[in-house]
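The values are calculated or read from the model by the stated rules, or taken from the named source; none is laboratory data. Because the structure is a prediction, the values reported are computed rather than measured. Cβ sites come from the backbone with ideal geometry, for glycine too, and all protein chains shown count toward neighbours. Accessible surface areas use protein heavy atoms only, side chains included; no ligands, DNA or RNA. Shrake-Rupley method; radii C 1.70, N 1.55, O 1.52, S 1.80 Å.
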Amino acid sequence: MLELDATQTLALAGLSLFVGHALCRRIPVLAHYNIPAPVVGGLLLALASLFAHGMDVTLFSLDTSLQTPLMVAFFTAIGTHASLSLLRVSGRQVMIFLALAGAFTVIQNLTGIAIASLFGLSPLFGVLAGSTTMAGGPATGLAFAPLFQEAGVAGAQSVAITAAMAGIICGGLLGGPVATLLMRRHGLHAPGGDGSGATGTPASAPSHDTAVGAASAQMREAHALRSVVWILLAMWLGAWISKGFGAIGLTLPAYVGAMLVGALMRNVDDRTGWLKLSAPTIEVIGNVCLAMFLALALMNLKLWELAGLALPLLAILVAQALLVALFAAGLVYRVMGRDYDAAVMGGGFVGFMLGTTANAMAVMQTLVQRYGMAPRAFLVAPLVGAFFIDFANALVITGFLNFWKP
């Protein structure tokens, strides 16, 4: 058995990332459904451990002490994107879409609880297989998994990643057909188009920071150093906030305090410009931390803990997929304007409520390449799916956790 310290464990996670990227390049279906490379690489090692476990062999012992700091750093970076000024760019539409997504996280959890109860499982199993992993994806699922484990959900990490992966696949499969059905049923097409399949180029969501462009190496270094320091400071202050929540009896994941501090920093900087936050640089740092966090978490999965839970998970997933398709085709389409952009947003809604924002973007890009541009959809859906729903979902999950915790 290999006994790895924190540095060696992180190095192994990095190697699994390279393997994951290579597999995603060579196996088209992985790229088609937007399966993250860290998930592929990490799961490969988890499957190797599962095979070894079946032979009563332990392959390695990991020191995952860096897993939590990497996770907190990623969500801190997400927090710095939560700009109130972005809400005002298309405020009413963004707020309505966010309200729909937030309401559906509650529906996802109630559905999961109902089905879990039918199988004699804890209601929190249903929450874990609900918005925690459906709307939250693998990162949120793994971030909350320790809290669910403490609350009595056995094998919470394995359940979280299994549900999240299944959700990503379903989101990629369902989003396009739901939007296409709406377009055909209501005769919708892009403004200036005839709905005959003309290609279009998707609009990009606005960035709250201009690209560094041709800045000198010194300027790039300054951006990177400043971004790292602000993220670390937010993590430091956020730890105090999280302890304060704990002192009053609220069960929260480790990242919430830092995420709130990151959001405060962003909005202070939007008003004053004092902090000089660089959104592109912080995004890169956050993405690197996310990749390493996912790889570390997945490498350490004990997949044998899923024995006996396959049927409840499948039942919950089928119910979630049917509900999100009906919700998107019915309420989301009607409330968001009953037009072409609303149909494209419906497809994106399915993508990120069952998987990730990358799923939603892939679904919408495929639609607009075939039917024409949908600028409003590409403004609203990424803002809600990438940033604001994480805050709303964390609050919803926390509420359910605190209500049902032992």
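List of remarks:
- Dipole magnitude (debye, nearest 20) for the chain, charges at Cβ of Lys, Arg, Asp, Glu: 920 debye
- Amide H contacts of F60: L2, each under 5 Å away and 5 or more positions distant or on a separate chain (H built 1.01 Å from N in the peptide plane; Pro and chain starts excluded).
- Using only Cα coordinates, the Kirkwood hydrodynamic radius of the range 218-286 works out to 12.8 Å.
- Considering only alpha-carbon pairs that sit under 8 angstrom and 6 or more positions apart, the relative contact order computed for the range 218-286 is 37 percent.
- Taking a sphere under 14 Å around the Cβ of V256 and counting the other residues whose Cβ falls inside, with K and R at +1 and D and E at -1, yields a net charge of 0.
- Net charge of neighbours whose Cβ lies under 15 Å from the Cβ of F18, counting Lys and Arg as +1 and Asp and Glu as -1: +2
- Measuring max minus min along each principal axis, the C-alpha atoms of the range 1-135 give extents of 56, 41, 34 Å (largest first).
- Rg and Dmax of the chain, based on Cα coordinates, read 20.9, 65 Å.
- Rounded percent of accessible protein surface that carbon and sulfur make up, the chain, 1.4 Å probe: 67 percent
- For the range 9-79: Kirkwood Rh in Å [reciprocal of mean 1/r, alpha carbons]: 13.7 Å
- Our note on the geometry: Cα centres of the range 294-361 and the range 75-144, 10 Å apart.
- Sorted on the mean count of surrounding Cβ atoms within 10 Å across their residues, most packed first, peptides 144-154, 165-175, 270-280, 234-244 read 165-175, 144-154, 234-244, 270-280.
- Accessible area (Å², per residue) of the chain, counting only protein heavy atoms and a probe of 1.4 Å: 43 Å²
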